[in-house]
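Take a look at the structure set out below.
Each reported figure results from applying straightforward, stated rules to the coordinates on display, with no laboratory input. Given the structure is predicted, the values throughout are model-derived calculations rather than measurements. All Cβ positions, glycine included, derive from the backbone under ideal geometry; neighbour counts span all protein chains shown.
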């Protein structure tokens, strides 16, 4: 338990450090609006009604927002809390080496510090499924699937994982397995009874459908290499070799990966979060094996495997604008039009110059290029205003995009 306490301490220090410093990107601004709608009008189904998006993590943040007035902080604190529970599962499932690598994983750290809608919950759900299958406690995988289906589309891989695990490992079915299956489909019943099932299903067609396997594979490979870092990739390969007989781990690690490769129409690195913990379990197996094989004098050199992810994490914590993120994440969170950089400066300018008609629009509207009035307009996505005079430009880091304030002639 001492090791778990140390890991949780390190986890907390790296997650809470300047948690609110990075400005919210577009998705977080949408969720902030939802939290305000829930708080002011009690519309708990707003995410389902607007986009058919599964609501569980938004609900959790909305509950926390009743005690913490800052909605952005509520969103990000819920991400940290959920990921902390995932760390405990990793420790119970695979020991201190895998748990340490989880704490040090750059992709986990980055997305723990963002107010995501459901990615962290899907990670927790996947680990619950793995725990339930390994311990032969069906209620855990049933609850894991239910939590996942209440959280995000990527959780659709979890029922496939369970079915393939039962077919491959061939356990004898008992009544707890059937009860767990009934528990797993509760989200579908909820969506049906609230009249939102068609919205959820329609949303799936936006993200899942025409296979783009080659393109997805060409993206996923470099993303995993960048975020895992090459020493951890070596540990993953080593761990896979020494644990190749662990068929249950193979199903949980690679079935979601294969489904993502062959079915995703839209792909971002955060969709890989559901896979990363299992790769880190392999890496933990590799690190543990090396620790057993090396002579005592050589064992301290194992710290070399940790230096690259520690350096990456330091870059994220020190200044995310200069961190070596994959290009798509650098664009989305820092330099591109979904980034929240520039919004505070723009809002301060509007308040200072008393352009009240534009202050009625939300920051989300600024980023989606809809903030206009009879006299002024704010543009994003590199749009120009014909017949307008540029008053002020608010560039993002890297100067690749900016928010522009125009006076309309």
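Tabulated values for the structure
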quantity	calculated
Segment residue 168-residue 407, length gained on full extension (0.36 nm per residue, minus Cα span)	79.5 nm
Rh by Kirkwood over Cα pairs, then Stokes-Einstein D for segment 191-282 at 1.002 mPa s and 20 °C, µm²/s	145
Rh by Kirkwood over Cα pairs, then Stokes-Einstein D for the chain at 1.567 mPa s and 4 °C, µm²/s	57
Packing-based ranking, highest mean first, of 124-133, 372-381 given that Cβ atoms within 10 Å are counted	124-133, 372-381
Cα-based Kirkwood hydrodynamic radius, segment 88-215, one decimal, Å	16.1
Gap separating the Cα centres of segment 1-63 and segment 83-150, nearest whole Å	16
Cα-based Kirkwood hydrodynamic radius, segment 94-133, one decimal, Å	11.2
Helix 157-169 axis, angle to the chain major axis (alpha carbon atoms, nearest 10°)	10
Calculated over segment 144-243: convex hull of Cα atoms, volume per residue (Å³)	151
Descending semi-axes in whole angstrom, ellipsoid equivalent of segment 4-60, from the Cα gyration tensor	29, 14, 10
Degrees between helix 175-184 axis and first principal axis of the chain (Cα, 0 to 90, nearest 10)	10
Distance-filtered residues of segment 113-132 - backbone nitrogen under 14 Å, label point 7 angstrom along residue 88 Cα→Cβ	124-125, 128
P(r) weight above 21 Å for segment 14-145, C-alpha pairs, percent	44
Using alpha-carbon coordinates, inclination of helix 119-135 to the longest axis of the chain, degrees	10
Cα coordinate range in segment 63-122, projected on the principal axes (Å, largest first)	37, 20, 16
For segment 296-408, diffusion coefficient by Stokes-Einstein and Kirkwood Rh (Cα), 37 °C, 0.692 mPa s, µm²/s	203
Shape metrics for segment 343-408, restricted to C-alpha atoms - Rg then Dmax, Å	10.8, 32
